[in-house]
C-alpha cells in the first residue's frame, strides 16, 4: 500500500549528477515504495532543479534507520556550523 507521505522543500545548493554539477532549487522528501532499493518502503530524497528538466535530478533511497542517522548528523553539522559562525572563528 502506498503511504502518500511526501513534501517539497525549497533548497539552495548543488548536486552532482550523471553530467556533472548542477544547481538545485528543491528537495522532495517522501516515504513510500522505492524504485530501486530492496525494501518494502524507503525514505526517498530527490534533489532537483525543476527548471533544468529531468537530467537535473539526484535521487536517494534510504531505510528508516539510515535516514534517521543522516538527519541527526545533518543537524549536528548545522549546530557546529552555527557555533563556529557565532564565535567568529576563522578556518
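The values are calculated or read from the model by the stated rules, or taken from the named source; none is laboratory data. Predicted, not measured: the structure shown is a model, and the values here were computed from it. Counting neighbours? That spans all protein chains shown, and the Cβs are built from the backbone with ideal geometry, glycine included.
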> Restricting attention to the stretch 45-65, does a residue exist that is out of contact with any strand residue (DSSP E or B) (no Cβ under 8 Å at 6 or more places or on another chain) and assigned to a helix (DSSP H, G or I)?
Replying inline: yes
> List pairs: first in the stretch 19-36 and free of Cβ contacts under 8 Å to residues at least 12 places away in the same chain, second assigned to a strand (DSSP E or B) and surrounded by fewer than 15 Cβ atoms within 10 Å (Cβ to Cβ), Cβ under 8 Å, 6+ apart or cross-chain?
Replying inline: 21/14
> If you check residue 66 against the conditions, is it at pLDDT below 95 and exposed (fewer than 15 other Cβ atoms within 10 Å of the Cβ)?
Replying inline: no
>> I'd like to verify a number: residues in the stretch 14-27 that are under 18 Å from residue 44 (Cβ atoms) and loosely packed, with under 10 Cβ neighbours inside 10 Å, how many?
In response: 0
>> Pairs needed: first member in the stretch 43-71, without any contact (Cβ under 8 Å) to a residue 60 or more places away in the chain; second member anywhere, assigned to a helix (DSSP H, G or I) and surrounded by 16 or more Cβ atoms within 10 Å (Cβ to Cβ); C-beta distance under 7 Å; at least 6 residues apart or different chains.
In response: 43/67
